[in-house]
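Reading through the C-alpha coordinates given below for one structure.
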Amino acid sequence: MGLMKQSQLFPKTLRENPKDEISANSKLLVRAGFVDKLMAGVYTFLPLGFRVLKKIENIIRQEMVSAGGQEILMSVLQPKENWQKTGRWDSLDSLFKFVSHYSKTEFALGPTHEEIVSPLVAKFSLSYKNLPLYLFQIQTKLRDEKRTKSGILRGREFTMKDFYSFHADEKDMEDYYKKMKVHYKNIFDKCDIGGKTYITFASGGSFSKYSHEYQTITKAGEDRIYVCDECKIAINAEIIDEQKQCPECGNKDLKEQKAIEVGNIFPLKTKYSKPFGLKYKDKNGFPKDVIMGCYGLGLGRLMGAIVEINHDEKGIIWPEAIAPFKVHLISLGKNEEADKIYNDLSGKGVEVLYDDREDATAGEKFADADLIGLPYRLVVSEKTVAEEKIELKKRKSDESKLINKKDLLKILNNQN
Ligand code: ATP
Ligand code: MG
(Lines give C-alpha, C1' and ligand atoms only; values in the text may rest on other atoms or scores of the structure.)
(Ligands and ions follow the chains in the order given, each with its own letter.)
Protein backbone atom coordinates (compact mmCIF):
# COMPACT_ATOMS: atom_id res chain seq x y z
CA MET A 1 0.00 0.00 0.00
CA GLY A 2 1.34 3.37 -0.98
CA LEU A 3 -0.72 5.27 1.54
CA MET A 4 -0.44 6.33 5.12
CA LYS A 5 -2.00 8.92 7.39
CA GLN A 6 0.56 10.37 9.74
CA SER A 7 -1.97 10.49 12.58
CA GLN A 8 -1.85 6.68 12.48
CA LEU A 9 1.81 6.13 11.62
CA PHE A 10 3.83 4.19 14.19
CA PRO A 11 5.82 5.62 15.90
CA LYS A 12 5.87 9.41 16.35
CA THR A 13 9.13 11.17 15.53
CA LEU A 14 11.38 12.05 18.48
CA ARG A 15 12.13 15.67 19.31
CA GLU A 16 15.74 15.04 20.29
CA ASN A 17 18.52 12.91 18.90
CA PRO A 18 18.77 9.61 20.78
CA LYS A 19 21.53 9.83 23.41
CA ASP A 20 23.01 6.40 22.78
CA GLU A 21 23.63 6.84 19.05
CA ILE A 22 26.88 8.21 17.67
CA SER A 23 26.65 7.95 13.88
CA ALA A 24 24.62 10.37 11.75
CA ASN A 25 22.64 7.59 10.08
CA SER A 26 21.43 6.08 13.34
CA LYS A 27 20.68 9.41 15.01
CA LEU A 28 18.49 10.42 12.09
CA LEU A 29 16.91 7.03 11.43
CA VAL A 30 16.01 6.55 15.09
CA ARG A 31 14.75 10.11 15.56
CA ALA A 32 12.66 10.03 12.38
CA GLY A 33 11.10 6.68 13.36
CA PHE A 34 12.67 4.42 10.70
CA VAL A 35 14.41 2.05 13.11
CA ASP A 36 14.55 1.31 16.82
CA LYS A 37 17.64 0.08 18.61
CA LEU A 38 17.04 -3.11 20.57
CA MET A 39 20.67 -3.40 21.71
CA ALA A 40 24.11 -2.57 20.30
CA GLY A 41 24.19 -3.58 16.64
CA VAL A 42 20.61 -4.87 16.58
CA TYR A 43 17.73 -2.83 15.18
CA THR A 44 14.01 -3.24 14.57
CA PHE A 45 12.86 -1.84 11.25
CA LEU A 46 9.71 0.24 11.81
CA PRO A 47 7.10 0.93 9.10
CA LEU A 48 9.04 3.74 7.37
CA GLY A 49 12.37 1.90 7.57
CA PHE A 50 10.78 -1.36 6.46
CA ARG A 51 9.45 0.35 3.34
CA VAL A 52 12.93 1.63 2.47
CA LEU A 53 14.48 -1.79 3.07
CA LYS A 54 11.88 -3.44 0.82
CA LYS A 55 12.54 -0.93 -1.95
CA ILE A 56 16.27 -1.60 -1.76
CA GLU A 57 15.53 -5.34 -1.70
CA ASN A 58 13.40 -5.05 -4.85
CA ILE A 59 16.07 -3.13 -6.73
CA ILE A 60 18.66 -5.74 -5.78
CA ARG A 61 16.39 -8.72 -6.51
CA GLN A 62 15.52 -7.36 -9.94
CA GLU A 63 19.20 -7.03 -10.86
CA MET A 64 20.09 -10.47 -9.50
CA VAL A 65 17.25 -12.12 -11.43
CA SER A 66 18.38 -10.34 -14.58
CA ALA A 67 21.89 -11.67 -13.86
CA GLY A 68 20.36 -15.16 -14.13
CA GLY A 69 20.08 -15.79 -10.39
CA GLN A 70 17.60 -18.28 -8.94
CA GLU A 71 16.45 -17.21 -5.49
CA ILE A 72 16.68 -19.61 -2.56
CA LEU A 73 16.58 -19.26 1.25
CA MET A 74 19.22 -21.00 3.35
CA SER A 75 19.17 -21.37 7.12
CA VAL A 76 20.68 -19.17 9.82
CA LEU A 77 21.24 -22.18 12.09
CA GLN A 78 24.11 -24.20 10.63
CA PRO A 79 25.97 -27.41 11.50
CA LYS A 80 29.38 -27.08 13.14
CA GLU A 81 30.89 -29.78 10.86
CA ASN A 82 30.49 -27.62 7.76
CA TRP A 83 32.48 -24.83 9.42
CA GLN A 84 35.12 -27.28 10.62
CA LYS A 85 35.57 -28.57 7.06
CA THR A 86 36.79 -25.16 5.89
CA GLY A 87 38.66 -24.35 9.12
CA ARG A 88 36.48 -21.32 9.76
CA TRP A 89 34.94 -22.76 12.96
CA ASP A 90 38.22 -21.75 14.63
CA SER A 91 39.54 -18.98 12.39
CA LEU A 92 36.54 -16.68 11.99
CA ASP A 93 36.43 -14.33 14.99
CA SER A 94 32.98 -13.01 14.12
CA LEU A 95 31.36 -16.48 14.13
CA PHE A 96 28.56 -16.72 16.70
CA LYS A 97 28.45 -20.19 18.21
CA PHE A 98 25.35 -21.58 19.79
CA VAL A 99 24.78 -24.68 21.94
CA SER A 100 21.59 -26.73 22.18
CA HIS A 101 20.93 -27.15 25.89
CA TYR A 102 19.28 -30.55 25.26
CA SER A 103 21.92 -32.31 23.20
CA LYS A 104 24.88 -30.00 23.84
CA THR A 105 25.32 -29.99 20.06
CA GLU A 106 27.11 -26.89 18.78
CA PHE A 107 25.91 -24.83 15.85
CA ALA A 108 27.06 -21.78 13.95
CA LEU A 109 24.76 -18.81 13.42
CA GLY A 110 25.39 -17.97 9.77
CA PRO A 111 27.64 -14.97 9.10
CA THR A 112 27.71 -15.96 5.38
CA HIS A 113 26.73 -19.08 3.43
CA GLU A 114 29.63 -20.56 1.45
CA GLU A 115 29.68 -23.44 3.97
CA ILE A 116 26.03 -24.18 3.20
CA VAL A 117 25.66 -23.46 -0.50
CA SER A 118 28.73 -25.47 -1.60
CA PRO A 119 27.65 -28.78 0.00
CA LEU A 120 24.08 -28.06 -1.12
CA VAL A 121 25.12 -27.98 -4.78
CA ALA A 122 27.51 -30.92 -4.24
CA LYS A 123 24.55 -33.13 -3.23
CA PHE A 124 23.26 -33.09 -6.79
CA SER A 125 25.56 -34.72 -9.28
CA LEU A 126 26.26 -32.02 -11.82
CA SER A 127 27.41 -32.42 -15.37
CA TYR A 128 28.96 -29.73 -17.59
CA LYS A 129 25.45 -29.29 -19.01
CA ASN A 130 24.18 -27.94 -15.67
CA LEU A 131 26.80 -25.19 -15.53
CA PRO A 132 26.95 -22.29 -15.10
CA LEU A 133 24.53 -22.15 -12.20
CA TYR A 134 23.60 -19.03 -10.24
CA LEU A 135 21.93 -19.07 -6.81
CA PHE A 136 21.21 -16.19 -4.46
CA GLN A 137 19.34 -15.27 -1.32
CA ILE A 138 18.38 -12.15 0.62
CA GLN A 139 18.63 -13.18 4.22
CA THR A 140 19.60 -12.45 7.82
CA LYS A 141 23.28 -12.76 8.80
CA LEU A 142 24.72 -12.79 12.30
CA ARG A 143 28.23 -11.63 13.13
CA ASP A 144 29.91 -11.01 16.45
CA GLU A 145 31.23 -7.57 15.49
CA LYS A 146 33.75 -5.98 17.81
CA ARG A 147 32.68 -2.41 17.14
CA THR A 148 29.01 -1.47 16.75
CA LYS A 149 29.06 2.31 16.84
CA SER A 150 28.00 2.90 13.26
CA GLY A 151 24.26 2.25 13.51
CA ILE A 152 22.87 0.08 10.74
CA LEU A 153 26.18 0.33 8.85
CA ARG A 154 27.54 -2.39 11.12
CA GLY A 155 25.00 -4.65 12.74
CA ARG A 156 25.50 -7.84 14.70
CA GLU A 157 22.35 -8.91 12.87
CA PHE A 158 21.78 -7.58 9.34
CA THR A 159 20.32 -8.48 5.97
CA MET A 160 22.63 -9.42 3.12
CA LYS A 161 22.12 -10.40 -0.46
CA ASP A 162 24.57 -13.19 -1.19
CA PHE A 163 24.90 -14.60 -4.68
CA TYR A 164 26.99 -17.63 -5.66
CA SER A 165 28.05 -18.60 -9.16
CA PHE A 166 29.22 -22.08 -10.23
CA HIS A 167 31.28 -22.60 -13.37
CA ALA A 168 33.06 -25.30 -15.35
CA ASP A 169 36.25 -23.27 -15.74
CA GLU A 170 38.00 -20.08 -14.63
CA LYS A 171 37.44 -18.28 -17.90
CA ASP A 172 33.68 -18.68 -17.58
CA MET A 173 33.82 -17.45 -13.98
CA GLU A 174 35.91 -14.44 -14.96
CA ASP A 175 33.58 -13.49 -17.82
CA TYR A 176 30.62 -13.73 -15.48
CA TYR A 177 32.43 -11.76 -12.77
CA LYS A 178 32.75 -8.89 -15.27
CA LYS A 179 29.02 -9.07 -16.04
CA MET A 180 28.21 -8.95 -12.34
CA LYS A 181 30.15 -5.69 -12.04
CA VAL A 182 27.64 -4.14 -14.46
CA HIS A 183 24.73 -5.34 -12.30
CA TYR A 184 26.37 -3.92 -9.18
CA LYS A 185 26.87 -0.59 -10.92
CA ASN A 186 23.18 -0.60 -11.90
CA ILE A 187 22.16 -1.14 -8.26
CA PHE A 188 24.27 1.77 -6.99
CA ASP A 189 23.10 4.03 -9.81
CA LYS A 190 19.46 3.17 -9.10
CA CYS A 191 19.98 3.98 -5.41
CA ASP A 192 21.58 7.27 -6.46
CA ILE A 193 24.98 6.59 -4.88
CA GLY A 194 26.72 5.54 -8.11
CA GLY A 195 28.63 8.83 -8.28
CA LYS A 196 30.20 8.26 -4.87
CA THR A 197 30.74 4.50 -5.08
CA TYR A 198 34.05 3.19 -6.40
CA ILE A 199 35.01 -0.30 -7.40
CA THR A 200 38.01 -0.94 -5.20
CA PHE A 201 40.86 -3.44 -5.39
CA ALA A 202 40.98 -5.30 -2.09
CA SER A 203 42.54 -8.37 -0.61
CA GLY A 204 41.49 -11.60 -2.27
CA GLY A 205 42.33 -13.72 0.74
CA SER A 206 44.44 -16.80 0.14
CA PHE A 207 42.75 -17.88 -3.07
CA SER A 208 42.96 -14.95 -5.44
CA LYS A 209 45.07 -11.87 -6.00
CA TYR A 210 42.20 -9.44 -5.58
CA SER A 211 38.61 -9.26 -4.55
CA HIS A 212 36.64 -6.16 -5.46
CA GLU A 213 34.88 -4.01 -2.94
CA TYR A 214 32.33 -1.34 -3.66
CA GLN A 215 33.32 1.57 -1.48
CA THR A 216 31.08 4.61 -0.98
CA ILE A 217 32.92 7.79 -0.04
CA THR A 218 31.71 9.12 3.31
CA LYS A 219 33.29 10.54 6.44
CA ALA A 220 31.39 7.87 8.37
CA GLY A 221 33.36 5.16 6.57
CA GLU A 222 35.70 2.87 8.48
CA ASP A 223 37.93 2.08 5.49
CA ARG A 224 40.59 4.18 3.78
CA ILE A 225 40.86 3.99 0.03
CA TYR A 226 43.01 5.64 -2.66
CA VAL A 227 40.99 6.88 -5.61
CA CYS A 228 42.28 7.13 -9.18
CA ASP A 229 40.20 9.85 -10.85
CA GLU A 230 41.42 8.76 -14.29
CA CYS A 231 40.05 5.21 -14.06
CA LYS A 232 37.27 5.89 -11.52
CA ILE A 233 38.54 3.01 -9.41
CA ALA A 234 40.16 2.81 -5.99
CA ILE A 235 42.58 0.68 -4.00
CA ASN A 236 41.96 -0.28 -0.39
CA ALA A 237 44.68 1.11 1.92
CA GLU A 238 45.02 -2.43 3.30
CA ILE A 239 46.68 -3.68 0.13
CA ILE A 240 48.31 -0.63 -1.39
CA ASP A 241 52.08 -0.83 -1.79
CA GLU A 242 54.55 1.87 -0.90
CA GLN A 243 54.49 3.34 -4.38
CA LYS A 244 50.76 4.09 -4.21
CA GLN A 245 49.92 3.72 -7.84
CA CYS A 246 46.82 2.76 -9.78
CA PRO A 247 46.98 -0.91 -10.88
CA GLU A 248 45.10 -0.04 -14.08
CA CYS A 249 46.88 3.05 -15.45
CA GLY A 250 49.91 3.54 -13.22
CA ASN A 251 48.69 6.99 -12.08
CA LYS A 252 50.51 8.01 -8.90
CA ASP A 253 48.28 10.96 -8.12
CA LEU A 254 45.77 9.09 -5.95
CA LYS A 255 43.37 10.76 -3.51
CA GLU A 256 42.99 9.35 -0.03
CA GLN A 257 39.35 9.11 1.10
CA LYS A 258 37.34 7.59 3.92
CA ALA A 259 34.77 5.14 2.66
CA ILE A 260 32.36 2.39 3.67
CA GLU A 261 32.30 -1.00 1.96
CA VAL A 262 28.77 -1.52 0.64
CA GLY A 263 29.50 -4.59 -1.45
CA ASN A 264 32.22 -7.17 -2.02
CA ILE A 265 32.65 -9.65 -4.85
CA PHE A 266 35.15 -12.52 -4.80
CA PRO A 267 36.58 -14.95 -7.35
CA LEU A 268 36.44 -17.92 -4.96
CA LYS A 269 37.75 -20.39 -7.52
CA THR A 270 38.00 -23.76 -5.70
CA LYS A 271 38.32 -22.45 -2.14
CA TYR A 272 34.94 -23.87 -1.09
CA SER A 273 34.36 -26.48 -3.79
CA LYS A 274 37.43 -28.48 -2.73
CA PRO A 275 36.56 -29.03 0.97
CA PHE A 276 33.02 -30.09 0.06
CA GLY A 277 33.97 -32.24 -2.95
CA LEU A 278 31.91 -30.03 -5.25
CA LYS A 279 32.66 -31.47 -8.70
CA TYR A 280 30.98 -31.86 -12.06
CA LYS A 281 31.40 -34.39 -14.87
CA ASP A 282 33.08 -32.90 -17.94
CA LYS A 283 32.30 -33.86 -21.57
CA ASN A 284 34.38 -37.01 -21.27
CA GLY A 285 32.76 -38.05 -18.01
CA PHE A 286 35.74 -37.07 -15.85
CA PRO A 287 35.10 -35.34 -12.50
CA LYS A 288 36.42 -31.77 -12.25
CA ASP A 289 36.32 -29.14 -9.49
CA VAL A 290 33.55 -26.58 -9.83
CA ILE A 291 34.86 -22.98 -9.99
CA MET A 292 32.94 -20.53 -7.81
CA GLY A 293 32.42 -16.80 -7.45
CA CYS A 294 30.50 -14.99 -4.73
CA TYR A 295 28.91 -11.59 -4.61
CA GLY A 296 27.73 -9.94 -1.37
CA LEU A 297 25.82 -6.75 -0.66
CA GLY A 298 24.44 -5.51 2.66
CA LEU A 299 20.95 -3.98 2.51
CA GLY A 300 21.11 -2.12 5.84
CA ARG A 301 24.70 -1.08 5.10
CA LEU A 302 23.51 0.38 1.80
CA MET A 303 20.57 2.15 3.47
CA GLY A 304 22.84 3.60 6.17
CA ALA A 305 25.40 4.76 3.58
CA ILE A 306 22.65 6.49 1.62
CA VAL A 307 21.60 8.38 4.76
CA GLU A 308 25.21 9.28 5.57
CA ILE A 309 25.67 10.98 2.21
CA ASN A 310 22.15 12.39 1.85
CA HIS A 311 21.22 14.49 4.86
CA ASP A 312 21.47 18.01 6.23
CA GLU A 313 21.07 19.51 9.70
CA LYS A 314 17.28 19.14 9.46
CA GLY A 315 17.06 15.52 8.45
CA ILE A 316 17.29 12.88 5.75
CA ILE A 317 17.07 13.61 2.00
CA TRP A 318 15.93 10.33 0.39
CA PRO A 319 16.70 9.56 -3.25
CA GLU A 320 13.37 9.04 -4.96
CA ALA A 321 13.86 5.36 -5.85
CA ILE A 322 14.10 4.24 -2.22
CA ALA A 323 12.12 6.91 -0.35
CA PRO A 324 9.41 5.27 1.79
CA PHE A 325 6.85 7.54 0.09
CA LYS A 326 7.25 9.95 -2.79
CA VAL A 327 5.12 12.78 -1.39
CA HIS A 328 4.60 14.27 2.06
CA LEU A 329 1.21 15.96 1.89
CA ILE A 330 0.67 18.44 4.71
CA SER A 331 -2.68 19.87 5.62
CA LEU A 332 -2.55 23.09 7.64
CA GLY A 333 -5.72 23.34 9.66
CA LYS A 334 -8.55 21.01 8.84
CA ASN A 335 -9.36 21.24 5.17
CA GLU A 336 -11.28 18.98 2.87
CA GLU A 337 -9.15 19.93 -0.09
CA ALA A 338 -6.16 18.09 1.41
CA ASP A 339 -8.31 14.95 1.90
CA LYS A 340 -9.34 15.21 -1.72
CA ILE A 341 -5.76 15.54 -2.99
CA TYR A 342 -4.74 12.57 -0.84
CA ASN A 343 -7.48 10.44 -2.41
CA ASP A 344 -6.72 11.69 -5.92
CA LEU A 345 -3.01 11.01 -5.69
CA SER A 346 -3.43 7.61 -4.14
CA GLY A 347 -6.00 6.73 -6.80
CA LYS A 348 -3.30 7.50 -9.37
CA GLY A 349 -0.79 5.24 -7.64
CA VAL A 350 1.37 8.00 -6.10
CA GLU A 351 2.83 6.99 -2.73
CA VAL A 352 1.72 9.57 -0.18
CA LEU A 353 2.33 10.13 3.50
CA TYR A 354 -0.49 12.44 4.57
CA ASP A 355 0.10 14.63 7.59
CA ASP A 356 -3.54 14.93 8.63
CA ARG A 357 -2.78 15.56 12.32
CA GLU A 358 -5.04 18.09 13.96
CA ASP A 359 -2.94 18.38 17.11
CA ALA A 360 0.36 19.36 15.45
CA THR A 361 1.44 22.91 14.62
CA ALA A 362 2.58 24.01 11.17
CA GLY A 363 6.12 24.27 12.55
CA GLU A 364 6.02 20.71 13.86
CA LYS A 365 4.68 19.42 10.56
CA PHE A 366 7.38 21.16 8.53
CA ALA A 367 10.11 19.96 10.90
CA ASP A 368 8.85 16.37 10.60
CA ALA A 369 8.73 16.61 6.81
CA ASP A 370 12.38 17.75 6.75
CA LEU A 371 13.40 15.07 9.24
CA ILE A 372 11.64 12.18 7.43
CA GLY A 373 12.98 13.51 4.13
CA LEU A 374 10.48 12.50 1.42
CA PRO A 375 11.37 13.94 -2.02
CA TYR A 376 8.29 16.21 -2.41
CA ARG A 377 6.41 18.28 0.15
CA LEU A 378 2.92 19.50 -0.69
CA VAL A 379 1.18 22.01 1.54
CA VAL A 380 -2.54 22.65 1.45
CA SER A 381 -3.74 25.54 3.60
CA GLU A 382 -6.66 27.99 3.65
CA LYS A 383 -4.47 30.35 1.68
CA THR A 384 -3.59 27.87 -1.08
CA VAL A 385 -7.21 26.77 -1.29
CA ALA A 386 -8.36 30.39 -1.72
CA GLU A 387 -5.88 30.81 -4.59
CA GLU A 388 -6.82 27.42 -6.04
CA LYS A 389 -3.17 26.35 -5.84
CA ILE A 390 -0.96 23.86 -4.00
CA GLU A 391 2.43 24.66 -2.54
CA LEU A 392 5.17 22.32 -3.74
CA LYS A 393 8.71 22.08 -2.37
CA LYS A 394 11.41 19.55 -3.08
CA ARG A 395 13.32 18.30 -0.06
CA LYS A 396 16.54 18.94 -1.98
CA SER A 397 15.83 22.63 -2.56
CA ASP A 398 14.89 25.60 -0.39
CA GLU A 399 12.41 27.09 -2.81
CA SER A 400 8.73 26.39 -2.77
CA LYS A 401 6.33 27.32 -5.53
CA LEU A 402 2.58 27.51 -6.00
CA ILE A 403 1.28 25.25 -8.70
CA ASN A 404 -2.11 24.58 -10.24
CA LYS A 405 -3.78 21.46 -8.98
CA LYS A 406 -4.29 20.16 -12.50
CA ASP A 407 -0.51 20.26 -13.11
CA LEU A 408 0.35 18.33 -9.97
CA LEU A 409 0.48 14.81 -11.40
CA LYS A 410 2.41 15.90 -14.45
CA ILE A 411 4.98 17.63 -12.25
CA LEU A 412 5.31 14.70 -9.86
CA ASN A 413 5.72 12.23 -12.69
CA ASN A 414 8.24 14.23 -14.70
CA GLN A 415 10.51 15.73 -12.12
CA ASN A 416 13.42 14.13 -10.44
P1 ATP B 1 33.53 -5.17 6.94
O2 ATP B 1 34.95 -5.21 6.43
O3 ATP B 1 32.88 -3.86 6.79
O4 ATP B 1 33.39 -5.78 8.30
P5 ATP B 1 33.19 -7.57 5.51
O6 ATP B 1 34.23 -7.41 4.47
O7 ATP B 1 33.45 -8.43 6.67
O8 ATP B 1 32.70 -6.14 6.00
P9 ATP B 1 31.65 -9.22 3.72
O10 ATP B 1 31.87 -10.51 4.37
O11 ATP B 1 32.40 -8.89 2.48
O12 ATP B 1 31.82 -8.06 4.80
O13 ATP B 1 30.07 -9.07 3.52
C14 ATP B 1 29.43 -8.63 2.31
C15 ATP B 1 28.66 -7.34 2.55
O16 ATP B 1 27.79 -7.45 3.68
C17 ATP B 1 29.53 -6.15 2.88
O18 ATP B 1 30.07 -5.59 1.71
C19 ATP B 1 28.55 -5.23 3.57
O20 ATP B 1 27.72 -4.56 2.64
C21 ATP B 1 27.67 -6.19 4.34
N22 ATP B 1 28.07 -6.31 5.75
C23 ATP B 1 29.11 -6.99 6.24
N24 ATP B 1 29.17 -6.90 7.58
C25 ATP B 1 28.10 -6.15 7.94
C26 ATP B 1 27.58 -5.72 9.19
N27 ATP B 1 28.17 -6.05 10.33
N28 ATP B 1 26.46 -4.96 9.18
C29 ATP B 1 25.85 -4.64 8.04
N30 ATP B 1 26.28 -5.03 6.83
C31 ATP B 1 27.39 -5.77 6.77
MG1 MG C 1 34.05 -7.51 2.54
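The values are calculated or read from the model by the stated rules, or taken from the named source; none is laboratory data. Source: prediction; values computed, not measured. Virtual Cβ from ideal backbone geometry, glycine too; neighbours counted across all protein chains shown. Remember, those area values only see protein heavy atoms, side chains included, never the ligands or the DNA or RNA. Shrake-Rupley method; radii C 1.70, N 1.55, O 1.52, S 1.80 Å.
Results, tabulated for the structure shown:
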read-out	value
Sorted peptide list for 161-168, 11-18, criterion being average Cβ within 10 angstrom, highest first	161-168, 11-18
Distant-in-sequence amide H partners of Leu46 (H built 1.01 Å from N, under 5 Å)	Val35, Asp36
For the chain, accessible area per residue (1.4 Å probe, heavy atoms of protein chains only), Å²	49 Å²
In Å, descending, principal axis extents of the Cα set of segment 320-416	31, 28, 25
Under Karplus coefficients 6.51, -1.76 and 1.60, residue-wise ³J(HN,Hα) of segment 127-141 in Hz, glycine/proline x	10, 4, 5, 8, 10, x, 10, 10, 10, 8, 9, 10, 7, 6, 10
Helix-only [θ]222 nm of the chain, DSSP H runs n ≥ 4, -39500 (n - 2.57) each, per residue, nearest 500	-8000 deg cm²/dmol
Per-peptide average of other Cβ atoms within 10 Å, ordering 130-140, 169-179 highest first	130-140, 169-179
For the chain, built as a Gaussian network whose Cα springs stay under 10 Å, the top-fluctuating residue of Thr216, Thr197, Thr44	Thr44
Whole-Hz ³J(HN,Hα) from phi, Karplus 6.51 cos²θ - 1.76 cosθ + 1.60, for segment 206-220, glycine and proline x	7, 10, 7, 5, 10, 10, 10, 9, 9, 10, 9, 5, 7, 4, 6
Flagged links, alpha-carbon separation over 25 Å, of Lys54/Lys348; Lys161/Lys181; Lys123/Lys146; Lys54/Lys171; Lys80/Lys258; Lys55/Lys410	Lys123/Lys146; Lys54/Lys171; Lys80/Lys258
Per-selection Kirkwood Rh - the chain (Cα, Å, 1 d.p.)	23.6 Å
